1. Could you check A55 against (1) in contact (Cβ under 8 Å) with a residue 60 or more places away in the chain; (2) small (G, A, S); (3) touching a helix residue (DSSP H, G or I) at 6+ places or on another chain (Cβ under 6 Å) and say which number it fails?
2. With R100, R131 as the choices, which residue is open to solvent by 30 Å² or more (accessible area, probe 1.4 Å) and touching a residue at least 24 places away in the same chain (Cβ under 8 Å)?
3. Hey, does the range 4-21 have a residue that's open to solvent by less than 50 Å² (accessible area, probe 1.4 Å), within 22 Å of D114 (Cα to Cα) and within 18 Å of the chain's Cα centre (by Cα)?
4. Name the single residue, out of those in the range 114-128 being small (G, A, S) and more than 19 Å from E66 (Cα to Cα), that is least open to solvent (accessible area, probe 1.4 Å).
5. For the structure I just gave you, tell me whether E66 is over 24 Å from A5 (Cβ atoms), at pLDDT 95 or above and not aliphatic (A, V, I, L, M).
6. Here are the criteria: (1) farther than 25 Å from A4 by Cβ; (2) touching an Asp or Glu at 6+ places or on another chain (Cβ under 9 Å); (3) among the charged types (D, E, K, R). Tell me which single one K110 does not satisfy.
7. Kindly indicate whether H47 is loosely packed, with under 15 Cβ neighbours inside 10 Å, touching a residue at least 24 places away in the same chain (Cβ under 8 Å) and under 18 Å from the mean Cα position of the chain (by Cα).
8. Quick check on the range 74-84: of everything there that is touching a residue at least 12 places away in the same chain (Cβ under 8 Å) and of a type outside the set (D, E, K, R), which residue is most open to solvent (accessible area, probe 1.4 Å)?
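The values are calculated or read from the model by the stated rules, or taken from the named source; none is laboratory data. Bear in mind the structure is a predicted one, so any value in this text is a computation, not a measurement. Here the Cβ positions follow ideal geometry from the backbone for every residue, glycine too, while neighbour counts run over all protein chains shown. In case anyone asks, the SASA skips ligands and DNA or RNA and just uses the protein heavy atoms, side chains included. Shrake-Rupley method; radii C 1.70, N 1.55, O 1.52, S 1.80 Å.
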Amino acid sequence: MCLAAYRLLQHALLQEYGINEAPVFTYGNKGKPLLKGHPDIHFSLSHCHEAVAVAVSDHPVGIDIETVDHYSPEVARHVMSDDEMRQIEASALPEVAFTRLWTMKESLYKLTGDDHGGDIAHLLGQAANYRFNTVIMPRYVYSACALAQS
């Protein structure tokens, strides 16, 4: 785990829940980290080369942050559906469109721990019960995912 993400988690737990002690982790059945002694608090961590992202919530949550980098259509075809490829190819900034979709997929996976049989290309097509919040910055994109409220 990245120290900066851990420290950001500490800060978020203090701000949101008044928890001052250092977080200690246990792990769920799919390997998702949990906060020992706080089963009602959910969190997700992510980091890339120069940035970190943390989400804390009363409900399950997933987050992913990625650097916007060179776009490779060859790589994209392996991890994106036909509809997603059309979105990327129609975009004025395909590297941003690819990174947005990738962070959405990763945040969903971090939330559920389920890769839907390894079919990452169609992961978002099976995400009707989830909502995403994506933020696009000049060098980074992050997406948070949570179960949609009824």
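1. (3)
2. Details: R131 fails: touching a residue at least 24 places away in the same chain (Cβ under 8 Å).
Selected residue: R100, the only one of R100, R131 that is open to solvent by 30 Å² or more (accessible area, probe 1.4 Å) and touching a residue at least 24 places away in the same chain (Cβ under 8 Å).
3. Looking through the range 4-21, none of the residues is open to solvent by less than 50 Å² (accessible area, probe 1.4 Å), within 22 Å of D114 (Cα to Cα) and within 18 Å of the chain's Cα centre (by Cα).
4. Step one: filter the range 114-128 for residues small (G, A, S), giving 117-118, 121, 125, 127-128.
Those still in the list that are more than 19 Å from E66 (Cα to Cα) too: 117-118, 125, 127-128.
On the way: G117: 79, G118: 50, G125: 72, A127: 9, A128: 94 Å².
Filtering the range 114-128 for residues that are small (G, A, S) and more than 19 Å from E66 (Cα to Cα), the one least open to solvent (accessible area, probe 1.4 Å) comes out as A127.
5. Values: over 24 Å from A5 (Cβ atoms): no; at pLDDT 95 or above: yes; not aliphatic (A, V, I, L, M): yes.
So E66 does not fit the description; no.
6. (1)
7. Details: loosely packed, with under 15 Cβ neighbours inside 10 Å: no; touching a residue at least 24 places away in the same chain (Cβ under 8 Å): yes; under 18 Å from the mean Cα position of the chain (by Cα): yes.
No, not satisfied.
8. Keep residues of the range 74-84 that are touching a residue at least 12 places away in the same chain (Cβ under 8 Å), which gives 76, 78-81, 83-84.
Cutting the leftovers down to of a type outside the set (D, E, K, R) gives us 76, 78-81.
Details: A76: 0, H78: 147, V79: 25, M80: 8, S81: 18 Å².
Per the criteria, the residue is H78.
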